[in-house]
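Input: a single structure, listed below in structure tokens.
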Amino acid sequence: MNQTLSVLDPTSEDRSPEIQLSERIKSIEGSIIGLLDISKPRGDVFLNQLEKRLTEHGATVLRFMKPTFTKPAPVDLRYEISSKCDAVIEALAD
Amino acid sequence: MAKHADGYELNDGISVVVNSECPTCQLTSDLLVELGTNGHVKIFSQDDPSFPTSAEWVHDDSELSFSWHNDIEAVPTLIRVVNGKEVERLVGWNRKEWERLLEIENLAPGLVDHKPGCGSLSVSPDRVDELEIKFEGRTFISRQVEIASLEDEMEAMHDRGWSDGMPVVPPTESRVKRMLAGTSRNSDDIVAIIPPNLAECSVEKVAINAVMAGCLPEYLPVVIACLEAICTDEFNMHGVLATTMSVGPIFVVSGPIAERLGMNSGINVLGHGNRANSTIGRAVQLVLKNVGGGAPGGIDRATLGHMGKQGFCFAEAPSPWENLAEGFGFSSEQNTVTAFTGEGPRILVDQKSRSPESLTRSLADGLKSTISTRMVLGMDAMLVISPEHLSRFIDAGWSRSQFIEKLTELLMIDSDEIIEGAGGIEDGIPSTFGGNQLPKFRPGGLLVVHAGGPAGLFSAIIGGWLNGTKGSDPVTKEITL
């Protein structure tokens, strides 16, 4: 008779809670859009350009910066962005 | 026909546990048949229900239930029970003792006076874990995953995403149980919170992944110490994992445990071929991936990566110099793991220097190109110095700190040569830093380790990653058994 093999699960077995996505913005015009610089060289070049384009389309732009690109953004910063902005764009760079 | 030994409770009278392959049981088999036939004893046979004969007083204990529950350690064992309580137990053959217990004289006069018994199957090392699970119940928290009989278990584990690309050892309950015997810690103790998913990781989960990596149980405390080292704010494993730079955690084991585990600190020390070196680092990487969720191409964004990310762990070789851990405030007698974020190793060749001054200059030249000739202060490095290179310094009476001091002096960089645009290269430090002498490494940023084979005038450099609070600092942890 063939025998089944039983092994132990090596994973964390955590199930990610389902996260409700925030409502998407309907238009850029009139929205408050956060731009998050992760502190990589020349991230500002990219974000300055984005700010210019977004402002031309009628958005209000707020700028944020992570203390270092090597670590996740501090929780206070994440809260500040979520409470002040309708949308956020995070820029990688180099 | 033999009756199955369903009940393991002891009944009044004398019970004898035997095994057909035990020479002492074979020696006494005629006597046992006589005693059984005359109603003096009941027999519990561990492997063959027709041994010493087929009879209703011979009970089949091939499930080892009776033996397990009555703590039988050897065969033959005689147990005398009065009013439901065990009053005496004998092990092996000893005529006088048997005569006294059985209250019968002149037992088997043709046999030798005494003969020791054999180990019971219920304590045989290859059965005991399986029996413990069977009789003491399931002790694991982790989910059991059944692999169908027609499935190839190696493929099934790979398909579930549990491997690092190489085959993994199936983590069966008995293997994991044996692995857990390698530590005194409880299996439900939390070792660390594993990034990037910040998952709590129990000793049991570490043990499962250590089995898969091919570790022996005695390596488990080292794997645990490695995880304790990297899952700290200082080491910043999340960043090390997520960075596009091609670095990973590298572990150096210092102290007497390295030799006890048979770790390699000699020939091919940074290569393959030694079980402990190869599997300890691999177990850590499997935990990061399976428990922490840090899979290559997922949160692991390395542009290139390096082969050491399969697992990179080696032992420091003893030397007259203080070891790496002593540099971090531990003693040479303490067993420690130092975790360092690094790229793959690259050799530095110098086959002609005979004086320590010349060799130091030569090594300094090589070290200037660590990561990039334009990079100063921001990244650490590990210098693995080989025995033949080390002997240049030992012979001249140089200490480790003296060597590092000389090296540091030689590693002052003229900032004008590395500012943006210098030499027609756009990369570099901001031009405002021009006109300075800058150290290549921050103080303490060059980690010197002695290891390698006895012949060969080579050392190795392992470049690091961003250091300090904006990156990763080396972390040393003591290995606790």
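Restricting attention to region B:132-146, the residues that are surrounded by 11 or more Cβ atoms within 10 Å (Cβ to Cβ) and more than 7 Å from chain A (Cβ to nearest Cβ) add up to 6. The single residue among B:SER358, B:SER362 that is at negative phi, outside any loop (DSSP other than H, G, I, E, B) and without any contact (Cβ under 8 Å) to a residue 12 or more places away in the chain turns out to be B:SER358.
Going by the structure shown, is B:LEU220 within 13 Å of another protein chain (Cβ to nearest Cβ) and either crowded, with 24+ Cβ neighbours inside 10 Å or within 22 Å of B:ARG143 (Cβ to Cβ) (or both)?
Values: within 13 Å of another protein chain (Cβ to nearest Cβ): no; either crowded, with 24+ Cβ neighbours inside 10 Å or within 22 Å of B:ARG143 (Cβ to Cβ) (or both): yes.
No.
Yes/no matrix, rows are residues, columns are (1) buried (at least 18 other Cβ atoms within 10 Å of the Cβ); (2) within 15 Å of the chain's Cα centre (by Cα); (3) modelled with pLDDT of 90 or more:
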| position | (1), (2), (3) |
| --- | --- |
| A:VAL7 | yes, no, yes |
| A:SER12 | yes, no, yes |
| A:SER16 | no, no, no |
| A:GLU23 | no, yes, no |
| A:ILE28 | no, no, yes |
| A:LEU36 | yes, yes, yes |
| A:PHE69 | yes, yes, no |
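Restricting B:LEU198, B:LEU227 to residues that are under 14 Å from the mean Cα position of the chain (by Cα) and either under 29 Å from B:SER174 (Cα atoms) or in contact (Cβ under 8 Å) with a residue 40 or more places away in the chain (or both) narrows the list to B:LEU227. When we screen B:SER184, B:SER246, B:SER254 for residues that are more than 10 Å from chain A (Cβ to nearest Cβ), buried (at least 23 other Cβ atoms within 10 Å of the Cβ) and of a type outside the set (Lys, Arg), the only hit is B:SER254.
Out of B:SER149, B:SER124, B:SER120, one residue alone is surrounded by 14 or more Cβ atoms within 10 Å (Cβ to Cβ) and either out of contact with any strand residue (DSSP E or B) (no Cβ under 7 Å at 6 or more places or on another chain) or in contact (Cβ under 8 Å) with a residue 60 or more places away in the chain (or both). It is B:SER120. Find the residue count for region B:376-397, including only residues that are part of a loop (DSSP other than H, G, I, E, B) and surrounded by fewer than 20 Cβ atoms within 10 Å (Cβ to Cβ). So the count comes out to 4.
Residue-by-condition table, conditions (1) under 32 Å from the mean Cα position of the chain (by Cα); (2) polar (S, T, N, Q):
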site	(1), (2)
B:MET382	yes, no
B:LEU390	yes, no
B:ILE394	no, no
B:SER399	no, yes
B:MET412	no, no
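Scanning region B:38-57 for residues that are closer than 20 Å to B:VAL82 by Cα and either touching a helix residue (DSSP H, G or I) at 6+ places or on another chain (Cβ under 7 Å) or of a type in the set (Phe, Trp, Tyr) (or both) yields a total of 5.
The values are calculated or read from the model by the stated rules, or taken from the named source; none is laboratory data. Just so it is clear, the model here is predicted, and its values are computed rather than measured. Cβ atoms come from the backbone with ideal geometry, glycine included; neighbour counts cover every protein chain shown.
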